[in-house]
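Each remark here refers to the structure printed beneath this line.
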Amino acid sequence: MDHDENMAVDTEEFKSEMLTRYPAKVAKKRKRQIVINQVDSGEQVPEILANSRTIPGILTMRGCSYAGCKGVVLGPTRDILQITHGPIGCGFYSWSTRRNQTRPETPDSPNYMTYAMSTDLQEDEIIFGGEKKLKAAIDEAVALFHPKAIGIFATCPVGLIGDDVHAVAREMEAKYPDINIFGFSCEGYKGVSQSAGHHVANNKVFTDVVGLDDTPKPGKFRFNILGEYNIGGDAFEIERIVAACGITLHSTFSGNSNYQEFISAHTVDLNTVMCHRSINYLAEMMEIKYGIPWFKVNFVGADATAKSLRKIAAFFGDKALMEQTEKVIEAEMVAVRKVRDEVKARCQGKKVMLFVGGSRAHHYQELFDEMGMETIAAGYEFAHRDDYEGRKVLPNILVDADSRNIEELKVEKDPERYKARKSEEEMEKMKTEGFTFNDYRGMMTEMKDKALIIDDLNHYEMEKLIEKYHPDVICAGVKEKYVVQKQGIPLKQLHSYDYMGPYAGFVGAINFYREIDRLVHSKVFKLTKAPWQDSPELTANYGWTN
Ligand code: CFM
């Protein structure tokens, strides 16, 4: 841990310097969202204000509830036909820009991801109602594709005019009884960010999809991965590795997945959670209803991948499986070590900042760490306190009006299908041996003392960070990319991965090492001069300048 006193003074000073530009009320709130890390005994970290409304006027990195539901959780599923009920822009801009990939079983298997389906609401429907148009859209989709399932996604205007997507879903399901039709109340304004949409998606997938078919996939050691969305082919690489170990991946929610895998997902013996933020609700609910234990994994980083594989194999407790897993890790690590050593010699000590979503700002620190690079500042766009501070703070999180907006389902044991996967004694024994379940330690717990943690970062603060710290690379999204690069700092998109990937698993780690090595050593960024540096065409002050 870093106990450098000068750095402590700097960070504190920097924080107050950044805050002085804000009006008093804004500064008061941002002060609680910007935290200087300190990990005390028992993994105690300072409290951060998270999952709270962005102050109007601030250029936030956040997205909307619809994006979290349709774009993120359901979007990667290839054979649930998805209809956006709303203006065309919502459907179009949530269509494939995240680079979530899929691989249908055969060339003829259904794959609706190549279509952006929307009711394309116009002024007329905003005034007179859009339900008729939605029903017509469903009729048309059924005639063209006859899918097994249809999801309807509500956008802001749909909620404002009062269209009832659930009533339409029920009516159309009565008309087409062999198709599972369900609606999502994921109007963009539903929560403070896309995080609300994740929860809405989890609830509906749990009530209307999971559990419809009790047929398990063949295999001795069967598990699910929740919260892996196959960006840039990550899930393909994970599938390759677990198959080599001899573990059966029943379903991934929702990268490279299909409907049949979802409806029978409750038949597995273990749920693993990759992205805690977007899908912890489903893991919790499946445990209560069906008795499936869950724990957190991370396939970003070669060491993290090895650790996760070992934990999964240990859960099943089969000697041959554990041996095979070790063999796979050993074989894969040969190539990983070779590239890592080469790259580390050049990248050691370089500084990185990560401001991404609700889990990647944490996961990718593993890869940078493996390259000898240090994360000096990190933050999430929309995570909650538990993603920062660990799940231990869950009982202390205050429920406010915005979070009350999203339904908390009352879940009970399934009278027939609940089955404890391990006996109480077995679970207790595993726990005393140090095996953890329902665990997420949070990002801050694993970061250095004095590192800056910033929730819901904005453009102004990003500029300040660059001025002060001159990091060697920043990881964020497309909204930040060009603003940052014009200031001479390379930016790697960790949402869509720009044009690259996979970065998960062993092959992914190698791809990432190489790419970051090239990026931080490229001279082009240092030669960049923004046009305004030579001849400012327009200068202005913020409205609130004292
Ligand atoms: Fe989970 Fe994601 Fe993320 Fe996320 Fe996202 Fe994403 Fe992300 Mo973009 S589900 S929280 S809502 S890991 S789309 S695949 S990259 S912000 S850090």
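All of the numbers you see were taken from the coordinates with simple rules; none came from a lab. The structure displayed is predicted, hence computed values, not measured ones. Virtual Cβ from ideal backbone geometry, glycine too; neighbours counted across all protein chains shown.
Please name which of Leu282, Leu354, Cys69 has its Cα lying farthest along the dipole of the chain towards the positive end, using unit charges on Cβ (Lys, Arg +1; Asp, Glu -1) and the Cα centre as origin.
Towards the positive end, the residue furthest out is Leu354.
Which one, Gly86, Ala116, Gln44, is farthest towards the positive end of the dipole of region 1-119 when Lys and Arg carry +1 and Asp and Glu -1 on their Cβ?
Result: Gly86, furthest along the dipole toward the positive end.
Please work through the chain and write down the cysteines that have no neighbouring cysteine Cβ at a distance under 4.7 Å.
When partners are defined as cysteine Cβ atoms under 4.7 Å apart, the chain leaves Cys64, Cys90, Cys156, Cys245, Cys275, Cys347, Cys475 without one.
Per the Kirkwood treatment, what hydrodynamic radius in Å, one decimal, follows for region 315-422 from the mean inverse distance over all distinct Cα pairs?
After inverting the pairwise mean of 1/r, the radius is 18.6 Å.
Starting from the Cα of Lys307, step 7 Å along the direction of its Cβ; do the same at Arg417; then give the gap between the two resulting points in nm.
Going by the 7 Å Cα→Cβ label model, 3.4 nm.
Can you list the aspartates and glutamates whose alpha carbon is less than 13 Å from that of Lys190, not counting same-chain residues fewer than 8 positions off?
Qualifying aspartates and glutamates at Cα under 13 Å: Asp402, Glu407.
Got a sec? How would Val399, Val168 order by Cβ neighbour count within 10 Å, fewest to most?
Val399, Val168
Calculate the spin-label point distance for Glu105 paired with Lys25, positioning each point 7 Å from the Cα along the beta-carbon direction, and give it in nanometres.
About 5.8 nm separates the two model spin labels.
So how strong a dipole does the chain carry about its Cα centre when Lys and Arg Cβ are +1 and Asp and Glu Cβ are -1, to the nearest 20 debye?
780 debye
Can you find, among Asn224, Gln487, Leu19, the residue farthest towards the positive end of the dipole of the chain? Put +1 on the C-beta of Lys and Arg, -1 on that of Asp and Glu.
Selected residue: Gln487.
Listing His495, His199 from the residue with the fewest other Cβ atoms within 10 Å to the one with the most, what is the order?
Starting with the residue having the fewest Cβ neighbours, the order is His495, His199.
Please report, in Å, the Rg and the Dmax of region 251-315, where both are computed over Cα atoms only.
Rg then Dmax for region 251-315, in Å: 12.1, 34.
Among the trypsin sites (Lys or Arg not before Pro) in region 50-91, which ones are in a DSSP loop with at most 16 other Cβ atoms within 10 Å of the Cβ? Mind listing them?
The qualifying sites are Arg53.
Calculate for the chain the 222 nm mean residue ellipticity that helices alone would give, adding -39,500 (n - 2.57) per DSSP H run of length 4 or more and normalising by residue count, nearest 500 deg cm²/dmol.
That calculation yields -13000 deg cm²/dmol at 222 nm.
Based on Cα positions only, what radius of gyration and what Dmax would you give for region 6-106, in angstroms?
Taking only Cα atoms of region 6-106, I get Rg and Dmax of 20.4, 61 Å.
Mind putting a number on the dipole of region 194-296 about its Cα centre? Charges go on the C-beta only, +1 for Lys and Arg and -1 for Asp and Glu, and I need it in Debye to the nearest 20.
Charge dipole, region 194-296, about its Cα centre: 120 debye, nearest 20.
Could you work out the longest stretch of the chain that avoids the GluC sites (Glu not before Pro) located in DSSP loops with at most 14 other Cβ atoms within 10 Å?
The answer is 106-406.
Under 20 Å from the Cα of Lys479, which aspartates and glutamates turn up, not counting those fewer than eight places away in the same chain?
Glu381, Asp455, Asp456, Glu461, Glu463, Glu467, Asp498
With θ taken as phi - 60° and the coefficients 6.51, -1.76 and 1.60, list the Karplus ³J(HN,Hα) couplings across region 492-509 in order, rounded to whole Hz; mark glycine and proline as x.
3J(HN,Hα) across region 492-509, in whole Hz: 9, 6, 9, 8, 8, 6, 6, 10, 10, x, x, 10, 7, x, 6, 4, x, 4.
Restricting to the chain, compute how many DSSP beta bridges are antiparallel as a %, nearest 5.
15 percent
A 19 angstrom limit on the alpha carbon distance is what I want to check against. Which of Lys70/Lys132; Lys311/Lys429; Lys448/Lys481; Lys70/Lys204; Lys350/Lys492; Lys15/Lys448 exceed it?
Violating the 19 Å limit, Cα to Cα: Lys70/Lys132; Lys448/Lys481.
Going by how many other beta carbons lie within 10 Å of each one, how would you line up Arg277, Arg518, Arg340, fewest first?
Arg518, Arg340, Arg277
Please work out, to two decimal places, the log10 of the ratio I(q)/I(0) at q = 0.06, 0.09, 0.10 Å⁻¹ from a Debye calculation in which every Cα of the chain carries one identical scatterer.
Taken in order of the listed q values, log10 I(q)/I(0) reads -0.30, -0.69, -0.86.
R0 = 51 Å: FRET efficiency of Val334 with Ile127, Cβ-based, nearest 0.05?
Efficiency, from the Cβ-Cβ distance: 0.20.
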